[in-house]
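Report on the following structure.
The values are calculated or read from the model by the stated rules, or taken from the named source; none is laboratory data. Everything numeric in this text was worked out from a predicted model, so none of it was measured. Here Cβ is always computed from backbone atoms with ideal geometry, including for glycine, and neighbour counts include all displayed protein chains. Just so you know, the surface numbers come from the protein's heavy atoms only, side chains and all, with ligands and any DNA or RNA stripped out. Shrake-Rupley method; radii C 1.70, N 1.55, O 1.52, S 1.80 Å.
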Amino acid sequence: MTKKRISRRKFNCMEQLSNEDGVIAALAIDQRGSMVKMLENAVGKERYHIEMVYEFKELVSQVLTNYVSAILLDEEYGFKGMKAKNDKAGLILSYEKTGYDVNTPGRLPEILGEESIQRLIKKGADAAKVLVYYNPDDPQDILDKKHAFLERLGDEARAADFPVFVEPIVYDNVILDDKSPEFAKIKPSKVIRTIEEFTKKCYHIDVLKVEVPVLFKYVEGFNDNNSAVYSQKDAAAYFKIASDAATKPFIYLSAGVPTKTFHQELIFAGQSGAKYCGILGGRATWFDGVAAYAQGGKDGLNKWLDTVGRDNVEHLNRILKQHARPWYDIYGGKENIEVFDINLAD
């Protein structure tokens, strides 16, 4: 296998974001508008104030970064969390505006106007994360805009010698309910084609943060009261095909599924031969802490984080220990990586 060349800062950042096994065992709490709604609904509009969002993210970061390799935060609401995290945990910062303009076709992505890769580096980040809504069946003019956007992003990260994580979330323009059995039938193809596209060299993406290729609540044996859309054999095949399509390291996101479901997905992925190199686990890790915070305030949340929250993370770590692969395995192992220096001086 030809040696993989990685610049020194990118390599060091990837090491900082990974655990001792080379696995990205990371926590995600970069929700913005949705986090406001969660807390507002939990505590009630009459009690809610924005400082609750700041404090919630601060406490989650302060406690749970003792047990993860990295944390994904947004600066807008997570600035206290950035300061509170364990120094040993890596920091990934969101680089995109939240949501999209509903009046413009295509769910087009946009970078935060006041940020740049250089500014994220100065704030202590070890990587930038950008979420992109992506439908491989969109009209070509929409696809061209998103492809060009990610090419520019990749070039900026290359020039700064800095890792970029891209999170493509698939959708459809006809089947709008992305939790429906109808969407479940078309999701595998969309996820697989999206991975094929964004692991191309022209984007210079370092890590893909991807959805699992099925809606797991419709997998036979895991579907509870839902109708089964996939047999376990077919679901396993989709996991393997999606994994084999990747030519860059990829990690799974939790996509808001319940904690138990996320655990099942990760185990099933490993048993199916998916070579994922970690996770960015969000609501599946800390969501129930919202209710604990609403009921007991700071003390209630801290108690929950020290018990249930910690257990959630440590359970995930055990699953990753058994089923996840080091990020550098996709390049043939560390011994097949050539680290080189870039002179970024004027």
| task | Among the residues of the range 160-173, count how many are in contact with a helix residue (DSSP H, G or I) (Cβ under 9 Å, 6 or more places away or on another chain) and assigned to a loop (DSSP other than H, G, I, E, B). | result | 5
| Subset of the range 278-294 (residues that are under 16 Å from Lys260 (Cβ atoms), assigned to a helix (DSSP H, G or I) and either open to solvent by 10 Å² or more (accessible area, probe 1.4 Å) or acidic (Asp, Glu) (or both)) | Arg283, Asp288
| said: Looking at the range 164-180, I want the residues that are β-branched (Val, Ile, Thr) and have a partner that is open to solvent by 30 Å² or more (accessible area, probe 1.4 Å) and in a strand (DSSP E or B) with Cβ atoms under 7 Å, at least 6 apart or on another chain. Which pairs are those? | reply: Ile169/Leu131; Ile169/Tyr133
| remark: Of the residues in the range 79-110, those that are of a type in the set (Gly, Ala, Ser), within 20 Å of the chain's Cα centre (by Cα) and at negative phi come to Gly81, Ala89, Gly90, Ser94
| message | Please determine whether any residue of the range 78-100 is crowded, with 22+ Cβ neighbours inside 10 Å, in contact with a helix residue (DSSP H, G or I) (Cβ under 6 Å, 6 or more places away or on another chain), among the small types (Gly, Ala, Ser) and assigned to a helix (DSSP H, G or I). | response | yes
| request: Can you work out which of the residues in the range 5-50 that are surrounded by 15 or more Cβ atoms within 10 Å (Cβ to Cβ) and assigned to a strand (DSSP E or B) is nearest to the chain's Cα centre (by Cα)? | output: Ala28
| said: Condition first: among the acidic types (Asp, Glu), assigned to a helix (DSSP H, G or I) and in contact with a Leu (Cβ under 9 Å, 6 or more places away or on another chain). Now tell me which residues in the range 174-214 satisfy that. | reply: Glu197
| request: Starting from residues that are assigned to a strand (DSSP E or B) and hydrophobic (A, V, I, L, M, F, W, C), keep the ones in the range 118-145 and report whichever is surrounded by the most Cβ atoms within 10 Å (Cβ to Cβ). | output: Ala127
| message | With the requirement that a residue be within 20 Å of the chain's Cα centre (by Cα), among the basic types (Lys, Arg) and open to solvent by 60 Å² or more (accessible area, probe 1.4 Å), what does the range 220-277 give you? | response | Lys240, Lys260, Lys275
| query | Residue check: is Ala148 outside any loop (DSSP other than H, G, I, E, B) and at pLDDT 95 or above? | reply | yes
| said: Quick check on my filter: what residues within the range 295-312 are buried (at least 21 other Cβ atoms within 10 Å of the Cβ) and small (Gly, Ala, Ser)? | reply: Gly309
